[in-house]
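Take a look at the structure below.
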Amino acid sequence: MAARKKRRRRDIEQGYPRRQFIAKLRRLAECLEQGERFRIQVAGERISIPPTATINIEHERGSSEEEIEFQLKWSLGP
């Protein structure tokens, strides 16, 4: 049995041009509708999101700005 590659902790934000962001959202929606794995590359790292990921929306409000985050969370397994 092959040892699982240890992954470093990571917390980044990656900006995208509007057209590219829209294309990524469309691909995500299609995968969700079809119950398929969603694959995306963020800041040079390829990420594969299982169809069983939990989906939520987070809203934050500060004194000078607001933020909406669309989140997908999943377990990395054993």
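Laboratory data are not the source of any read-out in this text; all were calculated from the coordinates shown. This structure is a prediction, so every number in the text was calculated from the model and none was measured. Every residue, glycine as well, gets a Cβ built from its backbone with ideal geometry; the counts of neighbours run over all protein chains shown.
Within segment 24-38, the presence of at least one residue that is out of contact with any helix residue (DSSP H, G or I) (no Cβ under 6 Å at 6 or more places or on another chain), on the phi > 0 side of the Ramachandran plot and of a type outside the set (Val, Ile, Thr) is confirmed. Pairing each residue of segment 61-78 that is more than 16 Å from GLU13 (Cβ to Cβ) with any residue that is hydrophobic (A, V, I, L, M, F, W, C), provided the two are 6+ apart or on different chains, yields C-beta distances under 6 Å for TRP74/ALA53. When segment 12-42 is limited to residues that are more than 12 Å from the chain's Cα centre (by Cα) and in a loop (DSSP other than H, G, I, E, B), the one that is farthest from LEU72 (Cα to Cα) turns out to be PRO17.
When only residues in segment 33-60 that are within 15 Å of ARG10 (Cβ to Cβ) and among the β-branched types (Val, Ile, Thr) count, which is surrounded by the most Cβ atoms within 10 Å (Cβ to Cβ)? Among them, the one singled out is ILE49. Please go through segment 62-78 and give me each residue that is surrounded by 10 or more Cβ atoms within 10 Å (Cβ to Cβ) and outside any loop (DSSP other than H, G, I, E, B), ordered by number. Answer for segment 62-78, where residues must be surrounded by 10 or more Cβ atoms within 10 Å (Cβ to Cβ) and outside any loop (DSSP other than H, G, I, E, B): GLU69, PHE70, GLN71, LEU72.
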